[in-house]
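The values are calculated or read from the model by the stated rules, or taken from the named source; none is laboratory data. Because the structure is predicted, anything quoted here is derived from the model rather than measured. As a convention, Cβ positions derive from the backbone with ideal geometry for all residues, glycine included, and neighbour counts pool all protein chains shown. Please note that ligands, DNA and RNA were not included when accessible areas were found on the heavy atoms of the full protein model with its side chains. Shrake-Rupley method; radii C 1.70, N 1.55, O 1.52, S 1.80 Å.
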Amino acid sequence: MQIEMRNYQTCHNFCLKQGENILDDPRQENFCSTISSYCCPNLRIISFSIIATVIDIVMFIIMGSLDGFTKEENMTLQISKETLQNFGQLNPYSVKYQYEFFRVVSSTFLHKDLLALTLAVLAQLLVGSLCEHNGSSGIICLCYLISSIGGNLTSLLLSDASQSGNEFGIFGLLGTLFGFLVQITRNGEQQRQITLIILFYLLANLTLGFLVPEMRNFGHFGSIVIGLLCGTIFPARNREYPVGKVRMVSVGLIFLYFTSAIYIFYGFRNPLHE
């Protein structure tokens with residue numbers, strides 16, 4: 001009995017160091033606390049996940065309030081294409097010929113309908129909270145933006161379609177989690193749990209990508225690679241693996257990819273006007 005109590009106390013102390021909200025008495029847990037502990041362990045009011053979600057919802061409300069909602073394709077609370085274009089969705093033609101490069105960032109916070117917004121918010125809260133469990137909110141925000149830009153640049157190179165949504169940022173955060181796993185070597189159970197979550201999310205989205213024509217698979221691959229590189233640049237909590245040389249290589253690769261993508265897009269791509 002004493003051995004079991006020592007083992008439980010050791011496990012409990014370890015979990016507390018990891019930042020998980022685990023109660024002293026498991027019998028005090030309920031459904032909500034269990035979901036919070038295992039799905040959103042670091043969800044707080046002042047956190048990247050909440051702030052990004054508020055921005056997404058506010059932008060959706062502003063677009064709908066100013067120009068109204070449409071009912072195209074039998075969808076309720078849908079934003080018109082003209083409104084999305086005016087607010088900064090990713091449009092390759094506008095980015096190249098009108099030099100509206102801000103669209104590679106602004107399109108991340110725009111969603112075309114209520115269903116897309118709901119799914120994006122849920123995925124953002126789940127993945128963002130897992131990332132903030134292993135890194136600070138500032139680092140996660142930076143990784144989110146960098147990987148979003150990387151995914152949008154990839155999309156600019158391979159598609160002429162106008163696009164919006166935060167899936168590139170979410171995929172980038174999944175890549176960032178992989179990068180954090182490189183730095184955290186001892187906690188094998190945590191590595192397995194995060195790896196399973198990442199693989200499940202990737203498999204689900206890639207499957208949807210082949211079934212839904214509007215899904216942007218090529219941009220997903222670009223954003224997750226950039227996110228992985230970001231995960232090896234910034235320090236994770238409880239880091240045990242030195243990443244000094246890896247960090248320099250990752251910074252160089254991101255810089256090379258961004259500059260090459262911009263050069264190829266403006267030098268050789270001729271996107272069509274929708």
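For segment 141-186, the share of accessible area belonging to carbon and sulfur comes to 66 percent (1.4 Å probe, ligands and nucleic acids excluded). Which of rounded, prolate or oblate describes segment 59-119 when judged by the alpha-carbon gyration tensor and an a/c cut-off of 1.5? Verdict is prolate for segment 59-119.
Are there trypsin sites (Lys or Arg not before Pro) in segment 52-117 that DSSP marks as loop and that have at most 15 other Cβ atoms within 10 Å, and which are they? Here the trypsin sites (Lys or Arg not before Pro) that fit, given the DSSP loop and packing criteria, are 71.
Taking 0.36 nm per residue of separation and subtracting the current Cα-Cα distance, fully stretching the chain between residue 178 and residue 106 would add 23.3 nm. Rounded to 0.05, the FRET efficiency of the residue 114 and residue 45 pair, given R0 = 25 Å and the Cβ-Cβ distance, is 0.55. Taking all protein chains together and rolling a 1.4 Å probe, residue 160 ends up with roughly 50 Å² accessible. Taking a ≥ b ≥ c as the square roots of the Cα gyration tensor eigenvalues, segment 119-165 comes out oblate, since a/c reaches at least 1.5 and a/b does not exceed b/c. Estimated at the nearest 10 Å², the accessible area of residue 114 is 70 Å² with a 1.4 Å probe.
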